[in-house]
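Report on one structure; see the data block that follows.
Please treat every number below as a calculation from the coordinates, not as lab data. Being a predicted model, the structure only gives us computed values, none of them experimental. Backbone-built Cβ (ideal geometry, glycine too); neighbour counts: all protein chains shown.
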Amino acid sequence: MHSRRAGSTIHAGMLERLLEVTRQLATPFDLTSMLTEVIDAGCQILDADRGSVFLYDAKSDELHTAVATGIGEIRLPATRGIVGECAQTRRTVNVPDCGADPRFDRDVDRASGYRTRCLLAIPLIGYDEALVGVLQVLNKRDGVFTEDDEKVAAALAAQCAVALQRVHLIADMVVKKKMERELAIARDVQMRVFPREMPRVAGYDLAGWSRPADQTGGDIYDLITLDEHRLMLLLGDATGHGIGPALSVTQVRAMLRVAVRLGADLDAAFTQINNQLVQDLAANRFVTAFLGVLDATDHTITYHAGGHGPLLLFHAATGECEWRGATTVPLGMMENLHLDEPQVFELAPGDLVCLVSDGILEYPNGADDLFGDARLGEIIRAHQGASMARLIEVAVRAVEAYGAGVTQPDDMTMLMIRRLHPGD
């Protein structure tokens with residue numbers, strides 16, 4: 001039972017001030033200004049000497065002061081002391097004699113030299129019934145806090161809680177908008193590193209396509225002209241998708257281009273990129289990558305596939321889909337790894353090589369069955385006469401139709417190379 005002054009009434013001046021505060025709290029504030037306004041309003045309306053607002057941190061389950069009269073920041077478990085009880089029960093706590101109340105924490109008074117006689121703690125509950133924090137006012141100047149004070153404080157707290165939620169929501173929205181702008185810039189930067197047009201190689205049709213699952217992705221492809229008849233081919237897929245993997249595959253692409261400019265051959269480029277990634281990536285991160293050289297003179301693609309597969313060689317003469325696996329471990333897993341002799345695709349007229357990231361083959365339907373390599377092979381067999389750009393378009397539409405209603409779970413990338421028939 002709390003002792004209260006008998007016969008006290010809510011006077012007109014108090015109601016006027018409460019309405020004025022309500023109007024003020026509807027105007028834009030930053031968090032610090034809002035908290036200061038709340039404390040000032042609480043002290044004025046309730047004729048209190050000091051006040052503080054404890055904000056609730058749901059992640060740590062703590063209450064902490066951002067602004068308080070006469071003291072620095074206080075951070076405590078949401079179950080501790082009078083403010084903790086107020087937060088847990090979501091009920092106003094009126095303490096007429098703090099010195100006689102075992103719940104009162106005297107450490108703050110000792111540290112500040114202030115003597116707290118009485119206090120009123122009011123829960124701040126938002127419009128969605130979420131706990132926002134606790135408003136605490138100390139030492140009513142002409143006695144102790146009354147039942148009428150509790151009613152006024154509850155009305156003030158309801159307005160304050162919604163106003164504080166609005167400030168948090170606006171701040172979160174500003175952060176989200178800023179992040180969206182930064183992600184849009186990152187996406188633009190990443191998309192610019194993809195080839196804007198396919199290099200021309202006599203006797204070959206080339207096409208590539210990529211779409212990230214997020215604003216940025218962990219897939220990359222590239223085609224680098226070595227000379228009139230040769231191209232360096234890259235298709236890479238970093239673990240995960242988003243900003244981190246996007247940086248990893250962009251780094252791979254940049255290192256490959258530098259290696260090519262310095263005259264590195266296929267083995268040297270693969271080895272040096274791998275060794276650098278071992279140093280740069282976390283232990284649980286790696287990049288699967290196909291790295292090969294198309295030679296339009298002898299009609300071969302010589303390659304290493306670091307953890308990347310399956311790889312498709314379509315034989316036009318027989319309609320056979322030949323699937324091959326990875327030739328070594330992914331990039332970034334093991335320094336100075338031993339490379340076997342590179343593998344070779346030999347291309348007859350009409351043959352094509354199809355390189356895809358696992359976002360294509362592992363696209364699920366509503367039953368969580370995967371698209372798979374057999375379906376991709378059938379599409380290529382059925383549309384083998386189409387251009388590579390058209391064939392990619394058909395394949396992508398088939399994947400999307402298969403996974404209709406399923407949000408794209410992973411980055412999707414395709415690179416196709418076909419040797420033309422003479423006269424094509």
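Data table
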{"item": "Straight-distance crosslink candidates among lysines, where the alpha carbon sits under 28 Å from LYS176 and sequence neighbours closer than 8 are dropped", "result": "LYS59"}
{"item": "Over the range 184-319, equivalent-ellipsoid semi-axes from the Cα gyration tensor in Å", "result": "25, 17, 15"}
{"item": "C-alpha long axis of helix 147-193 to longest principal axis of the chain, angle in °", "result": "20 degrees"}
{"item": "Charge sum, other residues only, whose C-beta stays under 14 Å from ALA296's C-beta, Lys/Arg counted +1 and Asp/Glu -1", "result": "-4"}
{"item": "Highest-MSF residue in the chain out of GLY372, GLY81, GLY306 [GNM, Cα springs under 10 Å]", "result": "GLY81"}
{"item": "P(r), alpha carbons of the range 302-424 - 10 Å bins starting at zero, rounded %", "result": "12, 39, 32, 15, 2"}
{"item": "Cα-based helix-to-principal-axis angle, 372-382 vs the chain, degrees rounded to 10", "result": "50 degrees"}
{"item": "GNM top mover of ASP410, ASP267, ASP298 - the chain, alpha-carbon springs below 10 Å", "result": "ASP298"}
{"item": "Around LEU138: net Lys/Arg minus Asp/Glu count, Cβ-Cβ under 9 Å", "result": "+2"}
{"item": "Listed residues PRO349, PRO102, PRO330, most fluctuating in the chain (Gaussian network, C-alpha, under 10 Å)", "result": "PRO102"}
{"item": "Per-residue HN-Hα couplings for the range 310-317 [Karplus 6.51, -1.76, 1.60; θ = phi - 60°; Hz; x = Gly/Pro]", "result": "x, 10, 10, 10, 9, 8, 5, 5"}
{"item": "Evaluated at q = 0.09, 0.14, 0.18 Å⁻¹: base-10 log I(q)/I(0), Debye formula over Cα of the range 185-419", "result": "-0.34, -0.87, -1.48"}
{"item": "Backbone HN-Hα couplings from phi across the range 95-111 [Karplus 6.51/-1.76/1.60, Hz, Gly and Pro as x]", "result": "10, x, 9, 5, x, 9, 9, x, 6, 6, 8, 7, 4, 5, 4, 4, 6"}
{"item": "Alpha carbon centroid spacing (whole Å) that separates the range 393-411 from the range 234-297", "result": "27 Å"}
{"item": "Amide H contacts under 5 Å for THR239, placed H, 5+ residues apart", "result": "PHE286, THR288"}
{"item": "Note, ³J(HN,Hα) from phi for the range 355-360, Karplus 6.51, -1.76, 1.60, rounded to Hz, x at Gly and Pro", "result": "10, 9, 7, 5, x, 7"}
{"item": "Isotropic mean projected area of the C-alpha convex hull, the range 267-346 (nm²)", "result": "5.7 nm²"}
{"item": "Charge context of GLY236, other residues only, Cβ under 9 angstrom, K/R +1, D/E -1", "result": "-2"}
{"item": "For the chain: relative contact order, % (alpha-carbon pairs under 8 angstrom, 6 or more apart)", "result": "12 percent"}
{"item": "Computed [θ] at 222 nm, helices only, for the chain once each DSSP H run of length n ≥ 4 contributes -39500 (n - 2.57)", "result": "-12000 deg cm²/dmol"}
{"item": "Cα point-scatterer Debye curve for the chain, base-10 log of I(q)/I(0) at q = 0.07, 0.14 Å⁻¹", "result": "-0.57, -1.11"}
{"item": "Using alpha-carbon coordinates, inclination of helix 243-261 to the longest axis of the chain, degrees", "result": "40 degrees"}
